[in-house]
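*Asks:* Can you read through this structure? Questions will come right after.
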Amino acid sequence: MTAVLSTFSLIGSVLGGIIFLMLLSGIRFIPNNRIGIVEKRFSGKGSVKSGLIALNGEAGYQPRVLRGGLHYLMPIQYVVHMAPLVTIPQGKIGYIFARDGKPLEPTQVLASNVTARNYQDVEDFIKNGGQRGPQRLILREGTYAFNLVQFVVITEGRVYSLPLSREDVDTIQKMAEVITERK
């Protein structure tokens with residue numbers, strides 16, 4: 001009888017330890033000079049139906065980024081991709097390219113930023129009619145917390161993005177080369 005209780009006690013301790021480690025694995029630390037881009041692996045609401053950003057709690061890339069500090073996300077359900085803050089040096093500018101949003105009209109070359117101009121809030125950008133493609137507004141010197149799944153930022157010295165595929169990397173690199181050639 002004592003051996004059986006001892007075995008149950010051992011099993012309970014091991015299970016308790018496993019549960020504790022799983023809960024502990026949900027803690028994410030984001031340094032102050034970086035952001036965390038959250039990807040939800042599964043959801044009862046299914047996957048994103050169109051576009052890249054999950055605006056309604058679906059599985060996929062989430063619109064909000066995690067800023068510096070400690071955060072808790074359910075282990076296994078979420079992946080956090082670390083990315084740098086977008087920094088535009090003094091006297092320089094940054095060009096913005098939106099990956100998701102309404103398509104440009106056939107006569108447009110640059111996106112209209114009349115109603116959607118908040119690039120640091122992806123949900124606001126998309127819900128207010130933000131258009132995908134090159135943006136009319138440019139970034140001035142400063143530091144920004146952009147969701148780099150939604151936006152690609154090209155500066156003179158660096159390209160800020162979270163690559164989604166090999167073709168994506170090639171396309172972004174070509175865009176940066178064209179901007180460099182045109183000075």
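*Asks:* Mind sorting out which of (i) 16.6, 48; (ii) 21.3, 83; (iii) 15.0, 44 is the real Rg and Dmax of the Cα atoms in Å computed from the coordinates?
*Replies:* Structure-derived value, by its label: (ii).
*Asks:* Starting from the Cα of E167, step 7 Å along the direction of its Cβ; do the same at V109; then give the gap between the two resulting points in nm.
*Replies:* 2.6 nm
*Asks:* Shifting gears a bit: In degrees between 0 and 90, to the nearest 10, how far off the longest principal axis of the chain does helix 166-182 point, with axes built from Cα atoms?
*Replies:* 30 degrees
*Asks:* In debye, nearest 20, what is the charge dipole magnitude of the chain about its Cα centre with +1 on Lys and Arg Cβ and -1 on Asp and Glu Cβ, if you could check?
*Replies:* Once rounded to the nearest 20, the dipole reads 200 debye.
*Asks:* Also, I was wondering about something else. For the Cα atoms of the chain, what angle does the longest principal axis make with the long axis of helix 2-24, in degrees from 0 to 90, nearest 10?
*Replies:* Long axis of 2-24 versus the principal axis of the chain: about 10 degrees.
*Asks:* Let me ask you something else. Can you tell me the FRET efficiency between Y72 and R182 if r is taken as the Cβ-Cβ distance and R0 is 41 Å, rounded to the nearest 0.05?
*Replies:* For Y72 and R182, the calculated efficiency is 0.35.
*Asks:* Now for a separate question. Could you work out what % of the accessible surface of the chain is carbon and sulfur, using a 1.4 angstrom probe and leaving DNA, RNA and ligands out of the count?
*Replies:* 58 percent
*Asks:* Pop out the ³J(HN,Hα) list for the stretch 63-72 in order, Karplus 6.51 cos²θ - 1.76 cosθ + 1.60 with θ = phi - 60°, rounded to Hz; leave Gly and Pro as x.
*Replies:* Coupling constants for the stretch 63-72: x, 8, 9, 8, 8, x, x, 9, 9, 10 Hz.
*Asks:* Per residue of the chain, what 222 nm ellipticity follows from adding -39500 (n - 2.57) for every DSSP H run with n ≥ 4, rounded to the nearest 500?
*Replies:* Counting only the DSSP helices, I get -8500 deg cm²/dmol.
*Asks:* I've got another one for you. When Lys and Arg each count +1 and Asp and Glu each count -1, what net charge do the other residues less than 12 Å away from Q135, Cβ to Cβ, add up to?
*Replies:* With Lys, Arg at +1 and Asp, Glu at -1, the neighbours total +4.
*Asks:* Put +1 on the Cβ of each Lys and Arg and -1 on the Cβ of each Asp and Glu in the stretch 90-136; which of N113, G133, Y95 then has its Cα farthest toward the positive end of the dipole?
*Replies:* Y95
*Asks:* Roughly how many nanometres apart are two label points built 7 Å out from the Cα toward the Cβ at L137 and N33?
*Replies:* A separation of 2.7 nm, rounded to one decimal place.
*Asks:* Then there is this: What residue among D168, D121, D100 shows peak mean-square fluctuation when the chain is described by a Gaussian network model with Cα springs under 10 Å?
*Replies:* Most flexible of the set in this elastic network: D168.
*Asks:* Then there is this: Can you list the residues, at least 5 places off or on another chain, whose amide H is less than 5 Å from the amide H of A111, using H built in the peptide plane?
*Replies:* Under 5 Å from the amide H of A111 lie the amide H atoms of Q135, R136, each far enough along the sequence or on another chain.
*Asks:* Quick one: length gained pulling K174 to S9 fully straight, 0.36 nm per residue minus the C-alpha distance?
*Replies:* 53.2 nm
The values are calculated or read from the model by the stated rules, or taken from the named source; none is laboratory data. It should be emphasised that the depicted structure is a prediction, and the values quoted were computed from it without experimental measurement. Glycine gets a Cβ as well: all are built from the backbone with ideal geometry, and neighbour counts include every protein chain shown. What goes into the accessible areas is simple: the full protein's heavy atoms, side chains included, and nothing from ligands, DNA or RNA. Shrake-Rupley method; radii C 1.70, N 1.55, O 1.52, S 1.80 Å.
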